[in-house]
Structures are given as structure tokens and as C-alpha cells.
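Peer 1: Dumping the structure here so I can ask a few things about it.
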Amino acid sequence: MHDLKALRENPAHYDASWALRGLSAQTPAILEIDSRLRTAMTKRMEAEAVRNSASKAIGAAKAQKNEAEAARLMAEVAEAKTVMEESSQIEAVAQAELDAIIQALPNLPDLSVPVGDDETGNVVVKHWGTPPQFPFVPKDHVAIGEALGGMDFEGAARISGSRFVVLSGQMARLERALGQFMLDQHTEKNGYQETNAPVLVRDHALFGTGQLPKFEEDLFKTTDGRYLIPTSEVSLTNLVREQIIDDERLPIRMTALSPCFRSEAGSAGRDTRGMIRQHQFWKVELVSITTPEISEAEHERMTASAEGILEALKLPYRRMLLCTGDMGFSAQRTYDLEVWLPGQNDGTGAYREISSCSNCGDFQARRMESRTRAKGEKATRFVHTLNGSGLAVGRTLVAVLENYQQEDGTIRVPDVLVPYMGGLTHLG
């Protein structure tokens, strides 16, 4: 999770970094518990040494028929065992306290991350494309989808409740086309390996990527103790857990199209209309496992790969560098891509997040015990992990519907998707 040795050597750096995320000083409590833990460990180990030495000496004393010395040594062993038991109990309590604090503390932000309390502190890095101008007031995707008969929220609600949708006909095919197009782009042009991994995972996998223990309320849990993945970042990143990977195998780049499941417990009241924020959705995920030396360059490469999808679809977007107060728990640096949605805000339009690409440094690797080793070296070090959306398929469908809507109510199919749509050029 965090390097305790580095924290002991420079606690001020850790407190200053966490302060940028809105946290009070954490290191005084950590160091106090750590001191208790190390003292207990030392006492236990010293007592073990006394017990082992005295136990060996008992036999020699008895062989010499020195019963007084044997009795003294046995008393010494008994005392050592008492110290060991007491120290082990103190150690267990201190370790649990330390884990509870450390496991709940987020990654340290990179020095390049702007300081801010919330999304208002994010910085626009670039714009791409020009928002379309319509000779009519553009509709949002809900009005478009329902008018075309391919988007049914009421039917979904009868089956599953709110924040679900049923897509049908050409609309369902368009969503499928988007996912297949993204996979083809990332595997054929961007060098990612297509991977189909489980969508049900154990708690240790979610701990590894940082969703547990802090964000359990946002997850769906099954009756046998498994969880539905909130993103295939969890499955893909954990493929290297508890592994030592040769440097020459890195970077490892993986992509997957999977369903994702989120309870959205922390977003009550936000985006309740339409497909922007759903409990179940499809997403194409990008994951990279790298050496520390190239993780920054890999972050730029991953973000450019996600941007390439938007550019191929000719969807206007902007890249945002997230501030310290808006970054995710596991990230040390994050870019958000926000696509232009002309139907939002009663037809005035708005940029909305469609991808988030993060460099997590060695934060997740420490939780997963994932290391790398240079050829010919015995020493290992933690890998760096990165993840990003390439892209969220449902939100991309929303963007296509709103940006490609026509005055007659039809939707023009983006040129790159026409082959995936069997030659269909318009919906409706």
C-alpha cells in the first residue's frame, strides 16, 4: 500500500501529499502504532532466542544431573513463552490497527498534479474537434432513443428498477458495433492484447486494485462472497498479482470488453436520467503493467489510444488533468476525457466524462505483491500499473446519438461504424 520505510524517513512528505487530498496529518498515528508493533516484534524475537537457547541447555544440564540448573532453565523458558505470548498479542493488535489506517489511505499525487478541492480545480490540457451546430434544438439521447423505439427505460425498470435500460433493434446493434470497433482499434492499431477475464472476483482482487475496503458500498456482492466487477481493471490488473515478471516482458498491455456493475451508492441524485450513470454497462478497458521508468510515457500512450477512438468517431472532446481533490483513490495522476454532448442542459450542450486514464505507480502493485526483475539481477521492485477506459460503450452510444442526430429524427452512423452495422448508414 505505502512504503513504511520511506514514511518513517520522511513523514512530512506523506502528510503534505495527503493534505493535498484533503486529509489531516496521518503519520503521527501511523508511526506510534508502528513503534508499538516493532517493539513487540523485537521482544517476541528476543524471547524466542532465549527460549531456544535455554531449551537446548536444559538437556545438557540434565545429562550432567544438575537439576538446579535445569529447573532454572525451565523457569527461563516458561518466562520466555509468557513474553512471547504477550508480545504476539500486542503485535497482532498493532498490526490490525496499522492495516486499518494504511489500507484506507489513498495514493500520493504526482508532483505534476494541480492542487484543488474538487472538479473545479481540474485543468483543461487540450480540445479536439468543434461542437456541431444544429439548425434545430438538439435532443438528448433519452428523447432520441425513445422516439426511435430502441431505448426502453420503463421496461428495464419493471424488470430491474431504476438505472437500467433495454436496447433493441438498430440501437442494440449500434452499441455492439461500438464495442467491437473499440476492441479492433486497440488490438490492431494500439498494441493491446484482447483478454476475456472473469466478471466475478474474490475480495482480495478488489483489495489489490483499491476498491476494498474503502468503497465496498459501491459494489454488488453475491451470496457466496464474490463481487461483480465495477470495471475489468480489477480482473486484468490482478492477472499479475503475486508474480515476479521479467523486465523484458514489460510493458504488458491488455484490453477487454466486459459488463461492469456499480451500485452508485456515492452518487445519489446524480445523472438519474438516461444512460450516463447506470448500474450495469459495457466498457472497453485498457490496462498496462510497466517498469517504473516508462510508466509516465505509458500514461500518455494509453490516453492517446483512448483519444484515438473519439477522433475516429469524430466526436469533439477535451482532455482534463484532474486535480488532487478529484482523483481516484488508487491514482497518482489521472487524465479524464470529456466528450461533447449537445443534447445536455436542454439542448445547450455540455462536456461529460467518457474516459478516465490513470497512472497508479506502484500503489496497486504493493497491494497485489506484483514485482519485476531485471535480467541477471536477484533484486526485485514493484511494477507500475495503469488503467483507462477505451471507452465506456454506453456513454459513447450517447455521444453518437446526440452528435449525429438529424433534423428528421434519424441518426447518421459514423463512417467508421458503417462496416460494423452491415452497411447501414442511418438509424430510423
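Peer 1: When averaged across all projection directions, what area in nm² does the alpha-carbon convex hull of the chain cover? List each step's numbers first, then the result.
Peer 2: Numbers: hull surface 105.6 nm².
With every direction weighted equally, the projected area is 26.4 nm².
Peer 1: If amide H atoms are built 1.01 Å from N in the plane of the peptide, which residues on other chains or at least 5 residues away come under 5 Å of the amide H of TYR351?
Peer 2: LEU341
Peer 1: In this model, which of LYS283/LYS314; LYS56/LYS81; LYS189/LYS283; LYS5/LYS375 are farther than 22 Å apart at the alpha-carbon? Intermediate values should be presented prior to the final figure.
Peer 2: On the way: LYS283/LYS314 19 Å; LYS56/LYS81 15 Å; LYS189/LYS283 19 Å; LYS5/LYS375 26 Å.
Among LYS283/LYS314; LYS56/LYS81; LYS189/LYS283; LYS5/LYS375, the Cα-Cα distance tops 22 Å for LYS5/LYS375.
Peer 1: For the range 363-408, what is the accessible area per residue in Å² when the probe is 1.4 Å? Show your work: numbers first, answer last.
Peer 2: Numbers: 1610 Å² over 46 residues.
Accessible area per residue, the range 363-408: 35 Å².
Peer 1: May I ask what percent, to the nearest 5, of DSSP beta bridges between residues of the range 237-384 are antiparallel? Don't skip to the end; give the middle numbers.
Peer 2: On the way: 27 of 30 bridges.
Antiparallel bridges make up about 90 percent of those DSSP assigns within the range 237-384.
Peer 1: Test of the criteria: in the range 24-113, which trypsin sites (Lys or Arg not before Pro) are in a DSSP loop and have at most 10 other Cβ atoms within 10 angstrom of their Cβ? Write out the running numbers ahead of the final one.
Peer 2: Values: sites: ARG36, ARG38, LYS43, ARG44, ARG51, LYS56, LYS62, LYS65, ARG72, LYS81; in loops: LYS65.
Passing both the DSSP loop test and the Cβ count: LYS65.
Peer 1: Quantify, in whole percent, the carbon and sulfur part of the accessible surface of the chain (1.4 Å probe; protein heavy atoms only).
Peer 2: Details: 9970 of 20080 Å².
That fraction is 50 percent.
Peer 1: Let a ≥ b ≥ c be the square roots of the eigenvalues of the Cα gyration tensor of the range 140-264; is it rounded (a/c under 1.5), or, if not, prolate (a/b larger than b/c) or oblate?
Peer 2: Values: a/c = 3.27, a/b = 1.40, b/c = 2.34.
Oblate, because a/c is 1.5 or more while a/b does not exceed b/c.
Peer 1: Would you work out the charge dipole size for the range 5-161 about its Cα centre, treating the Cβ of every Lys and Arg as +1 and the Cβ of every Asp and Glu as -1, and quote it to the nearest 20 debye? It would help to have the intermediate numbers written out before the result.
Peer 2: On the way: 16 positive and 23 negative charges, 154 e Å.
Computed about the Cα centre, the dipole is about 740 debye.
Peer 1: Now, a different point. Positive end of the dipole of the range 239-373, charges at C-beta (+1 Lys, Arg; -1 Asp, Glu), about the Cα centre: which of PHE329, SER288, GLY343 has its Cα farthest in that direction?
Peer 2: GLY343
Peer 1: Let me make sure I get this right: for the range 118-160, a, b and c are the square roots of the gyration tensor eigenvalues over alpha carbons, sorted descending. Under 1.5 in a/c it's rounded, otherwise prolate if a/b > b/c, else oblate. Which is it?
Peer 2: Numbers: a/c = 3.80, a/b = 1.56, b/c = 2.43.
Judged from the Cα gyration tensor, the range 118-160 comes out oblate (a/c at least 1.5, b/c at or above a/b).
Peer 1: How big is D for the range 199-305, in µm² s⁻¹ as a whole number, if Stokes-Einstein is applied with the Kirkwood radius of its Cα pairs at 4 °C and 1.567 mPa s?
Peer 2: Details: Rh = 15.4 Å.
For the chosen part, D equals 84 µm²/s.
Peer 1: Let me ask something additional. For the chain, set up a Gaussian network in which alpha carbons nearer than 10 Å are linked by springs, and say which option among VAL50, VAL383, VAL287 fluctuates the most.
Peer 2: VAL50
Peer 1: Something else now. Apply the a/c threshold of 1.5 to the C-alpha gyration tensor of the range 372-428 and tell me whether it is rounded, prolate or oblate. The partial results should precede the final answer.
Peer 2: On the way: a/c = 7.63, a/b = 3.47, b/c = 2.20.
Here the range 372-428 falls in the prolate category.
Peer 1: Just to confirm, what accessible area per residue do you get for the range 181-241 at 1.4 Å probe, in whole Å²? Display every interim value, and only then the final one.
Peer 2: Working: 2920 Å² over 61 residues.
Computed with neighbouring chains in place, this is 48 Å² per residue.
Peer 1: Ok, one more. What do the square roots of 5 times the Cα gyration tensor eigenvalues come to for the range 272-428, in whole Å, largest first, as semi-axes of the equivalent ellipsoid?
Peer 2: 36, 17, 12
Peer 1: Please identify every one of the GluC sites (Glu not before Pro) in the range 368-428 that sits in a loop by DSSP and has no more than 15 other beta carbons within 10 Å of its own beta carbon. Could you put the intermediate results ahead of the total?
Peer 2: Working: sites: GLU369, GLU377, GLU402, GLU407; in loops: GLU369, GLU377, GLU407.
Sites meeting the loop and neighbour criteria: GLU369, GLU377, GLU407.
Peer 1: Expressed as a rounded percentage, what relative contact order does the chain have, with Cα pairs under 8 Å and six or more residues apart?
Peer 2: Numbers: 810 pairs, mean separation 82.4, N = 428.
19 percent.
Peer 1: Which of the DSSP-defined H helices in the chain satisfy a minimum axial length of 24 Å, computed from C-alpha atoms, and a minimum mean Kyte-Doolittle hydropathy of -0.5?
Peer 2: On the way: long enough: 27-63 (54 Å, -0.23); 67-102 (51 Å, 0.18); 169-188 (28 Å, -0.66); 295-312 (25 Å, -0.58).
Those that clear 24 Å and a mean of -0.5 are 27-63, 67-102.
Peer 1: For LYS65 and ALA147 in the same chain, what is the full-extension length gain: residue separation times 0.36 nm, less their Cα-Cα distance, in nm? Present the calculation step by step, with values, prior to reporting the outcome.
Peer 2: Details: separation 82, 0.36 × 82 = 29.52 nm, distance 10.01 nm.
Working it through step by step, the gained length comes to 19.5 nm.
Peer 1: Exactly which trypsin sites (Lys or Arg not before Pro) in the range 200-264 are in a DSSP loop and have at most 15 other Cβ atoms within 10 Å? Show your work: numbers first, answer last.
Peer 2: Numbers: sites: ARG202, LYS214, LYS221, ARG226, ARG241, ARG249, ARG253, ARG262; in loops: ARG202, LYS214, ARG226, ARG241, ARG262.
Listed in order of number, the matching sites are ARG202, LYS214.
Peer 1: A follow-up question, please. With label points built 7 Å along Cα→Cβ from the Cα atoms of ALA350 and ALA312, find their separation and express it in nm.
Peer 2: With each label placed 7 Å out from Cα toward Cβ, I get 2.9 nm.
Peer 1: With charges only on Cβ, +1 for K and R and -1 for D and E, what is the dipole size of the range 68-173 about its Cα centre, in debye, rounded to 20? Walk me through the numbers before you get to the answer.
Peer 2: Details: 7 positive and 16 negative charges, 198 e Å.
In total the dipole reaches around 960 debye.
Peer 1: Based on DSSP, what percent of beta bridges with both residues in the chain are antiparallel, to the nearest 5?
Peer 2: Values: 50 of 55 bridges.
Around 90 percent antiparallel, to the nearest 5.
Peer 1: Quick one: what are the phi-derived ³J(HN,Hα) couplings along the range 3-8, Karplus 6.51/-1.76/1.60 with θ = phi - 60°, whole Hz, x for glycine and proline?
Peer 2: Residue by residue, the range 3-8 yields 7, 5, 4, 5, 5, 5 Hz.
Peer 1: Given a 1.4 Å probe, how much area per residue of the range 10-117 is accessible, in Å²?
Peer 2: Details: 6230 Å² over 108 residues.
Accessible surface, normalised per residue, equals 58 Å².
Peer 1: Relative to the Cα centre, what is the charge dipole magnitude of the range 97-241, using +1 at the beta carbon of each Lys and Arg, -1 at the beta carbon of each Asp and Glu, and rounding to the nearest 20 debye? Could the numbers behind the result be given before it?
Peer 2: Numbers: 12 positive and 20 negative charges, 100 e Å.
It works out to roughly 480 debye.
Peer 1: Can you tell which of ALA78, ALA16, PRO131 lies farthest toward the positive end of the dipole of the chain, using +1 and -1 charges on the Cβ of basic and acidic side chains (Lys, Arg; Asp, Glu)?
Peer 2: With unit charges placed on the Cβ atoms, the residue in question is ALA78.
Peer 1: So, one more: Of the residues SER370, SER162, SER389, which exhibits the maximal mean-square fluctuation in a Gaussian network model of the chain defined by a 10 Å Cα contact cut-off?
Peer 2: Among SER370, SER162, SER389, the largest GNM mean-square fluctuation belongs to SER162.
The values are calculated or read from the model by the stated rules, or taken from the named source; none is laboratory data. Remember, predicted model here, so these are calculated numbers, not experimental data. Counting neighbours? That spans all protein chains shown, and the Cβs are built from the backbone with ideal geometry, glycine included. Accessible surface areas use protein heavy atoms only, side chains included; no ligands, DNA or RNA. Shrake-Rupley method; radii C 1.70, N 1.55, O 1.52, S 1.80 Å.
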